[in-house]
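S.K.: Could you have a look at this structure, given as C-alpha cells, before my questions?
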Amino acid sequence: MSATKVILIGTGNIAKTHAAALKEVPGTTLFGVFDVNAQAAESFAREYGATQVFTTLEAAAASDAHSVHVLTPPDYHLATAIPFVQAGKKVLLEKPVGVSTAECNQLRSAAQISGAVIGVNQNLVFNPAYVKLRNAVMSGSLGRPRYLSYIYEAPLRQLTGKQFGHWMFREPLNILLEQAVHPLSQIVDMAGRVTEQSTLAEPPVGISPGVGLHNACQVSMLCERMPAHLRFHVGANFTVCRMTVVCDDGVAVADMFANQFHTVARGAYMDPIDGWQAARASGKQMATEGFNNLRDYALAMIKLKPRSDAFYQGMKGSLQCFYQDLQAQRTPRIDLEFGAHLVNVCEQVVKSFKPLDAPAQAASASIAPTGPLVTVIGGTGFTHPETRNDYARAKALAVHA
C-alpha cells in the first residue's frame, strides 16, 4: 500500500512538531507545504523533506495528496480548510476546530456534500499521564467512576510578554477556545458530552485601558457518564494541570504538566494499614515516574533517545490515532462533532463572563491642551482605540498650530 501523502498548511512553530511526529506515524509521508510566506514555505520544505511547495490553497487542494493538516491561526481555520473539505480530502484541524458553532456547521455541511473526513488535533487527550488514568478508570479496577475534578492553572507567556495583539485577547470567547479546550477535551473524553453546565466567572483583569481578560472561572457540568467540575485560570504563577477521578473503590490522579499518574485504591485491611499501603504505593508510583521523566529528558538531550516529552508524545499520539482510524476506515476518535461540542461548551461559558468595570471618566477640559506634541506608540503591537483617538486629536491640533 502506498504511503498517505500529507500537506501541511502553515509553517509556524506547531508545523515543526507535526512534521517531526509524522516521521513516526507509519504509512504517512510529508508530501507538500503551503504558507502565505513563500520563502518560509521553501525553507520548511527543505528542512523536513517535503517534495512540493504550493503557491495557492486551490493548487494544494487539487493535488493528489490524501490528507491535509490545517495549522493556521484559529480565525483562519474555516477559510483555509474549506477548499480541502470541498475537494473531499482527509482534514486534520488544529484546535479549536472553529471559532463559533456557525463555523462548525459550515464545515459539517461541506463535508456532508463532499464526503470529506474531518478530525481535530486535541493533543492533550493523548497526554501520557491522562492515557494511563483513562485506561485505569475504564478497566474497572477502581470501581465505577462517580465524579471528575480538574484544576487547570497555567502561566500565559503572551500575557507576561504583553503581546496584547494576540488573537486570544481580541474577544472574551477566544481565551476559552485557545486555552480552555485543552482541559475540556479531556473532560469530554472521560466523562462524556456535557448535557448541563453552570459557570461562576471571576471578574476580568485589566490588561490595558478599557480592555479586560476573562482569565478565571469555575464550571460545573453534568456529563453523560459522570458529573465534572473545572477550575480554569490562565496567567497563574504556578502551573497545575491535574485531573482527579473519584471511583467507588479508589481515586485516579493524572498531572499532565508533570507527566505523572498515580492511584489511591481500597485495600483489604483496617483503615490505618490501608492508608499506609496506599501512601507507599502512590509514593512509589510518583517517584518512579518522576525518575523516568528525568532519565528520558537527559537521554533525549544527548541524542541517545528520541524526543519523549509529554507534549510531543501527546502530539504524536494524536496524529497516530487519526491515521490509524483512517486506515481502518473508522470515524476519527476526535472528530468534527467532538471539536464542535467543545466550541459550544465554550460559547455557553462565555455567557457568564462579567463586564470590565468602566473607569471613572475624567472631566473634559474646556480649553484645548497646549505644549509639545507627544505621540504614544503601541510598542507591544497593541494600541487601544482610545489611544488611537488621542493620537488623532493630537495630530489635528498639530496641523492647526
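The values are calculated or read from the model by the stated rules, or taken from the named source; none is laboratory data. Everything quoted here is computed from the prediction, not taken from an experiment. When we count neighbours, we look across all protein chains shown, and the Cβ atoms used for this are built from the backbone with ideal geometry, even at glycine.
S.K.: Can you name the condition, by its number, that residue 278 falls short on among (1) buried (at least 17 other Cβ atoms within 10 Å of the Cβ); (2) modelled with pLDDT under 95; (3) of a type in the set (A, V, I, L, M, F, W, C); (4) not assigned by TED's automatic domain parsing to the domain that holds residue 158?
M.R.: The single condition residue 278 does not satisfy is (4).
S.K.: In addition: Out of all the residues in the stretch 103-135, which are touching a helix residue (DSSP H, G or I) at 6+ places or on another chain (Cβ under 9 Å) and either free of Cβ contacts under 8 Å to residues at least 24 places away in the same chain or under 19 Å from residue 347 (Cα atoms) (or both)?
M.R.: 103, 104, 105, 106, 107, 108, 120, 122 - these are the residues of the stretch 103-135 that are touching a helix residue (DSSP H, G or I) at 6+ places or on another chain (Cβ under 9 Å) and either free of Cβ contacts under 8 Å to residues at least 24 places away in the same chain or under 19 Å from residue 347 (Cα atoms) (or both).
S.K.: Restricting the search to the stretch 44-98, which residues are among the charged types (D, E, K, R) and in contact (Cβ under 8 Å) with a residue 60 or more places away in the chain?
M.R.: Going residue by residue through the stretch 44-98, those that are among the charged types (D, E, K, R) are 46-47, 58, 64, 75, 89-90, 94-95.
75, 90, 94, 95, listed by residue number.
S.K.: Could you tell me whether residue 220 is in the same structural domain as residue 181 (by TED's automatic domain parsing) and modelled with pLDDT of 95 or more?
M.R.: yes
S.K.: A follow-up question, please. Looking at 178, 153, which one is touching a residue at least 60 places away in the same chain (Cβ under 8 Å), in contact with a His (Cβ under 8 Å, 6 or more places away or on another chain) and of a type in the set (D, E, K, R)?
M.R.: Answer to the selection: 153.
S.K.: Out of the stretch 234-257, which residues are of a type outside the set (Gly, Ala, Ser) and over 16 Å from residue 184 (Cα atoms)? Explain how you work it out, then say what you get.
M.R.: Quick first cut of the stretch 234-257, residues of a type outside the set (Gly, Ala, Ser) only: 234, 237-249, 251, 253, 255-257.
Residues satisfying the conditions are 237, 238, 239, 246, 247, 248, 249, 251, 253.
S.K.: Which ones in the stretch 298-344 are surrounded by fewer than 22 Cβ atoms within 10 Å (Cβ to Cβ), in contact (Cβ under 8 Å) with a residue 40 or more places away in the chain and among the β-branched types (Val, Ile, Thr)?
M.R.: The answer is 331, and nothing else.
S.K.: With respect to the numbered conditions (1) surrounded by fewer than 18 Cβ atoms within 10 Å (Cβ to Cβ); (2) β-branched (Val, Ile, Thr); (3) modelled with pLDDT of 95 or more, which one is the sole condition not fulfilled by residue 211?
M.R.: With respect to (1) surrounded by fewer than 18 Cβ atoms within 10 Å (Cβ to Cβ); (2) β-branched (Val, Ile, Thr); (3) modelled with pLDDT of 95 or more, residue 211 is out only on (3).
S.K.: Do we have residue 201 as within 20 Å of residue 355 (Cα to Cα) and surrounded by fewer than 20 Cβ atoms within 10 Å (Cβ to Cβ) here? Before the answer, list the steps.
M.R.: Values: within 20 Å of residue 355 (Cα to Cα): yes; surrounded by fewer than 20 Cβ atoms within 10 Å (Cβ to Cβ): yes.
Yes.
S.K.: Quick one: which of 297, 323, 312 is modelled with pLDDT under 95, within 30 Å of residue 27 (Cα to Cα) and not in a loop (DSSP other than H, G, I, E, B)?
M.R.: On the way: 323 fails: modelled with pLDDT under 95; 312 fails: modelled with pLDDT under 95.
Of the residues listed, the single one that is modelled with pLDDT under 95, within 30 Å of residue 27 (Cα to Cα) and not in a loop (DSSP other than H, G, I, E, B) is 297.
S.K.: Determine whether residue 232 is closer than 25 Å to residue 307 by Cβ and surrounded by 15 or more Cβ atoms within 10 Å (Cβ to Cβ).
M.R.: Numbers: closer than 25 Å to residue 307 by Cβ: no; surrounded by 15 or more Cβ atoms within 10 Å (Cβ to Cβ): yes.
No; evaluated as a whole, the condition is false for this residue.
S.K.: Can you name the condition, by its number, that residue 189 falls short on among (1) buried (at least 20 other Cβ atoms within 10 Å of the Cβ); (2) touching a Lys or Arg at 6+ places or on another chain (Cβ under 9 Å); (3) more than 20 Å from residue 237 (Cβ to Cβ)?
M.R.: Every condition holds for residue 189 apart from (1).
S.K.: Taking the stated definitions as given, is residue 186 in a helix (DSSP H, G or I) and at pLDDT below 95? Show your work before the answer.
M.R.: Details: in a helix (DSSP H, G or I): yes; at pLDDT below 95: no.
Answer is no for this residue.
S.K.: Mind checking which residues of the stretch 245-275 are touching a Leu at 6+ places or on another chain (Cβ under 7 Å) and of a type in the set (Ser, Thr, Tyr)?
M.R.: Of everything in the stretch 245-275, just one residue is touching a Leu at 6+ places or on another chain (Cβ under 7 Å) and of a type in the set (Ser, Thr, Tyr), namely 263.
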